[in-house]
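Read the structure below first, then the notes.
The values are calculated or read from the model by the stated rules, or taken from the named source; none is laboratory data. Keep in mind the model is a prediction, meaning the values are calculated, not measured. Neighbour counts are summed over all protein chains in view; Cβ atoms, including those assigned to glycine, are modelled from backbone coordinates with ideal geometry. Calculation scope for accessible area: heavy atoms of the full protein, side chains included, ligands and nucleic acids excluded. Shrake-Rupley method; radii C 1.70, N 1.55, O 1.52, S 1.80 Å.
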Amino acid sequence: MDGSDSIVSIIVPCYNHAHYLEEGLNSIFQQSFTNWECIIINDGSTDNTKDVSEAYVNKDPRFRLINIQNSGVSVAKNTAIAVAKGTYIFPLDADNKMHPECLRLCISEFEKNPTTRLVYTEAELFGEDTGLWNLDPFDYKSMLKYNMIDNSAMFLKKDFLRVGGYRINMVQGLEDWDFFIALLYGVSKQQVIKINKPLYFYRVSNSGRRMTVASSGGQKEMLDCMVYNNFFIYKEYFPEIFTRIHEYEFQKTMMAKPPIKWLSRWMIRLSSLKKRFTSP
């Protein structure tokens, strides 16, 4: 045992990433903190994800496999966390991996201060790009504009339940950013800890979910969903933007009404005629 009786539930959603999955599961198996369970969610994969996962389940009872129909990453994560036994949750994408000391050092931050709500670390890129991924220190208002906390961060299961989990309308990605906005609303900077060591390895790949969403144009749709999901938070922090949006939407809606639409067109026509006949 590791000096802590708390279980960490590592959540690994996987959709057709069997060729990377073994690296990620090996990195979990090699953790110095051993009081963990790993729940692999096979999200309707058509490759051999199920076979790779079952090999680890048979090797170590701390691994568990749940097979579901393809439902998207938010549903996959929610399904896993619903049955997770851990006090702490640590998501890990199937194509990424962890430093052997990752869980131990994250847990130690929670044990230092019982008011801690989330712990994240520096990351190191590998694959088609390399180097440190220097993530900024947490600032909530800044996070509403850009995300400095990657998916692989440790948080409390009770906080996950409090905010209702990952939003299922985030079907094309950014579900972690959307989730952290809800999770960390009202939380102070002192309650979000960044470990300035690269304890997490992020694979850069043109076939990765982040790159696929960006190239498909789905990122804009997900950003719209994110603002919709957290409407009152964005309105609280950026009221001037919502005043302008409200005025624009009001004008657009009113212009679409038949009498006003006709009147506006008539005025535009009249204005153009006046200009024509009064021009020198």
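Observations on the model:
- Residue count for the range 23-50, restricted to those that are open to solvent by 30 Å² or more (accessible area, probe 1.4 Å) and touching a Phe, Trp or Tyr at 6+ places or on another chain (Cβ under 8 Å): 1.
- Test: residue in the range 180-190 that is open to solvent by 20 Å² or more (accessible area, probe 1.4 Å), assigned to a loop (DSSP other than H, G, I, E, B), modelled with pLDDT of 90 or more and among the aliphatic types (A, V, I, L, M): no
- Look at the range 176-205: where a residue is under 20 Å from residue 94 (Cβ atoms) and in contact (Cβ under 8 Å) with a residue 12 or more places away in the chain and a partner is of a type in the set (Ser, Thr, Tyr) and open to solvent by 40 Å² or more (accessible area, probe 1.4 Å), sitting 6+ places away or on another chain with Cβ atoms under 9 Å, you get 177/146; 203/20; 204/130; 205/20.
- Entirely in the range 47-133, the strands (runs of 3 or more DSSP E) that have 2 or more residues that are at positive phi and modelled with pLDDT of 95 or more: none
- Assessment of the range 202-218 against the conditions (modelled with pLDDT under 90, over 19 Å from residue 131 (Cβ atoms) and β-branched (Val, Ile, Thr)) yields at least one matching residue.
- Index of the failed condition, residue 165 passing every other in (1) in contact with a Lys or Arg (Cβ under 8 Å, 6 or more places away or on another chain); (2) open to solvent by less than 40 Å² (accessible area, probe 1.4 Å); (3) at negative phi; (4) assigned to a loop (DSSP other than H, G, I, E, B): (3)
- One residue alone among 87, 116 is over 20 Å from residue 30 (Cα atoms), of a type in the set (Val, Ile, Thr) and open to solvent by less than 10 Å² (accessible area, probe 1.4 Å), and that residue is 116.
- Checked against the criteria, residue 80 does not count as closer than 26 Å to residue 205 by Cβ, open to solvent by less than 30 Å² (accessible area, probe 1.4 Å), touching a Gly at 6+ places or on another chain (Cβ under 8 Å) and not hydroxyl-bearing (Ser, Thr, Tyr).
- Applying the condition of being open to solvent by 90 Å² or more (accessible area, probe 1.4 Å) and over 29 Å from residue 95 (Cβ atoms) to the range 219-239 and asking which residue is modelled with the highest pLDDT yields 236.
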